[in-house]
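Everything below concerns the one structure shown next.
The values are calculated or read from the model by the stated rules, or taken from the named source; none is laboratory data. All figures in this text were calculated on a predicted structure; none of them were measured in a lab. Using ideal geometry, Cβ is built from the backbone for each residue, glycine included, and neighbour counts are taken over all protein chains shown.
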Amino acid sequence: MEIGKQIKKYRSELSLSQEDFADKMFVTRQTVSNWENDKSYPDINSLVLMAEVFGVSLDTLVKGDVEKMQEEIKKEDIENFRKQSNILTFIFLGMILSPIPLLKFFGVWGFVIWVVFSILGFCYALKVEKKKKEFDIQSYKEISAFMEGKRLDEIEKEREKAKRPYQKILIAMGCAAAAFFLTYLMAVVFKL
């Protein structure tokens with residue numbers, strides 16, 4: 001965080017010692033030292049008073065910290081979304097590849113296991129879909145840009161919105177065809 005550097009910079013500009021600044025802030029010199037060395041972070045009341053003492057806006061005082069925090073949050077969101085997408089991919093692969101082996105080895109109970117697994121997969125898919133809406137991403141291009149930490153410009157965004165209905169239909173048809181082919185292939189392999 002940058003707040004320690006900001007405090008030290010503004011304190012030095014006013015030619016205040018840590019002791020003098022501590023008196024103005026109603027804290028100890030050690031507290032000021034901890035702030036400047038990023039060992040502790042001032043509370044909101046101290047930040048407001050500090051901005052007043054330095055004669056700057058609160059936004060100016062903590063600007064570097066706000067930007068860093070937003071960047072960290074965005075990185076966490078991207079990493080979390082990437083993790084959820086990977087889990088969803090494995091769930092759907094399992095849904096596609098598991099019905100025939102489950103039927104072969106467990107009979108009717110295999111079908112029950114597959115139905116439960118599928119319901120859980122669809123619930124997880126709804127969770128990922130909710131995240132996509134939260135981040136305003138729908139198409140593959142938008143998802144790729146988001147995972148790289150980028151944003152599409154407005155023209156590209158409008159083009160992607162126009163493609164969404166067609167993409168979803170084609171993806172659904174492609175997944176259905178792949179599932180049918182894999183099911184047929186497994187039925188031949190397991191001689192059902």
Within the group Lys39, Lys63, which residue is among the basic types (Lys, Arg), surrounded by 13 or more Cβ atoms within 10 Å (Cβ to Cβ) and either at pLDDT 85 or above or farther than 30 Å from Ala178 by Cα (or both)? Lys63
Enumerated helices (runs of 4 or more DSSP H) restricted to the range 73-185, each holding at least 1 residues that are surrounded by 15 or more Cβ atoms within 10 Å (Cβ to Cβ) and modelled with pLDDT of 80 or more: 99-106, 108-134
Taking the range 78-118 on its own, how many of its residues are closer than 18 Å to Phe190 by Cβ and of a type in the set (Val, Ile, Thr)? 4
Exactly one condition in (1) polar (S, T, N, Q); (2) within 12 Å of Leu61 (Cβ to Cβ); (3) at pLDDT 90 or above is not met by Gln6; state its number. (3)
Could you give me the residue pairs with C-beta distances under 9 Å whose first residue belongs to the range 162-176 and is hydrophobic (A, V, I, L, M, F, W, C), whose second residue is modelled with pLDDT under 75 wherever it lies, and which are 6+ apart or on separate chains? Ile171/Tyr140
